[in-house]
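Everything on this sheet refers to the single structure shown next.
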Amino acid sequence: MFICAVCVGQKIHTEEILIKNDVIELPGTLTYAKENTALIIWIHGSGNVDRNGNQHPIIKANYIKQFRDSINKEGIAFFSYDKRTSTKKNFNHLKGFLFKDLVKDAQKVISYFSSKKRFSEIILIGHSQGSLVAMLASQNTSKYISIAGPSESIDKTIIKQVTKQSPEFGKVTEAHFKELFETGTIKQVNPLLATVFAKQNLAFIADYSKYNPTEELKKVTIPTLLINGTKDIQVKIEDAQALHNALPSSKLVLINNMNHVLKNIEKDADNMNSYYSAHFQLSTKLITTIVAFIKN
């Protein structure tokens with residue numbers, strides 16, 4: 001399907017593209033003013049995130065769609081795809097999938113556009129969990145951008161989160177991870193940690209925990225931009241600073257009042273509300289920062 005729309009004096013072309021990783025379908029949207037320009041490929045955060053930045057049925061922030069519209073106005077092409085966990089046709093094929101399969105999905109998308117040679121360069125943006133996915137998939141791309149990327153492995157992150165709520169359960173969580181790493185399973189999960197250590201997710205968590213973002217970032221050799229918002233309640237600015245310390249050649253930008261779903265938040269009470277509504281505006285500083293990084 002091919003559609004044209006008029007946007008700030010330019011025709012923005014839209015193509016719906018289906019990319020497959022074996023039986024997994026990754027349908028996405030490509031938008032651009034013209035070819036032979038820079039192309040951004042967006043890599044999602046955790047959960048069942050679709051190409052627009054929504055997670056059915058609760059999260060309706062639409063932040064990826066807002067980003068797409070803003071970046072196209074700057075003459076930069078954009079592609080985002082439905083994460084494998086958000087596409088109904090994939091549901092029968094998700095049993096036992098691992099973190100590295102998300103990396104393979106990203107690599108399939110990169111390979112697709114690399115082979116077409118329609119755009120002058122490919123830039124990866126990894127958001128939240130996608131920061132690490134994009135980091136691991138960044139070969140054969142020209143620039144890497146991390147937005148709200150955690151700096152520690154997922155097991156350490158979860159242990160810290162639980163410990164903050166309850167030091168006692170933090171110790172139980174740590175013991176569960178130890179058993180998982182040593183045996184590949186957890187014989188008896190504490191009922192209060194059942195959502196964290198759901199049986200169907202254990203293989204994914206174990207594989208995800210193998211990767212330490214600060215160590216993996218040291219292997220990235222392309223120009224790198226690290227971004228975090230000061231109103232992000234999921235990933236703190238200390239994470240961005242730790243990543244920057246791991247790769248001093250990277251550029252670090254902390255954006256005042258931007259939260260985890262990239263919205264400009266003036267009132268703290270609006271932070272969570274912005275997850276459930278598309279009415280909140282995207283951070284304009286985010287767009288100007290990324291455009292400057294790409295065009296320099």
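Structure above, values below:
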quantity: Residue within the stretch 85-103 that is under 13 Å from the mean Cα position of the chain (by Cα), aliphatic (A, V, I, L, M) and over 16 Å from L286 (Cβ atoms) present; calculated: yes
quantity: Which numbered condition G149 fails, given (1) at pLDDT 95 or above; (2) surrounded by fewer than 22 Cβ atoms within 10 Å (Cβ to Cβ); calculated: (2)
quantity: Evaluation of N264 against (1) within 26 Å of I58 (Cα to Cα); (2) in contact (Cβ under 8 Å) with a residue 24 or more places away in the chain; (3) crowded, with 20+ Cβ neighbours inside 10 Å (one fails), failing number; calculated: (2)
quantity: Test result for F79, among the aromatic types (F, W, Y), closer than 27 Å to Y276 by Cα and assigned by TED's automatic domain parsing to the domain that holds K263; calculated: yes
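The values are calculated or read from the model by the stated rules, or taken from the named source; none is laboratory data. Worth saying up front: this structure is predicted, and the values here are computed from it rather than measured. Here the Cβ is made from the backbone with ideal geometry for all residues, glycine too, and neighbour counts use every protein chain on show.
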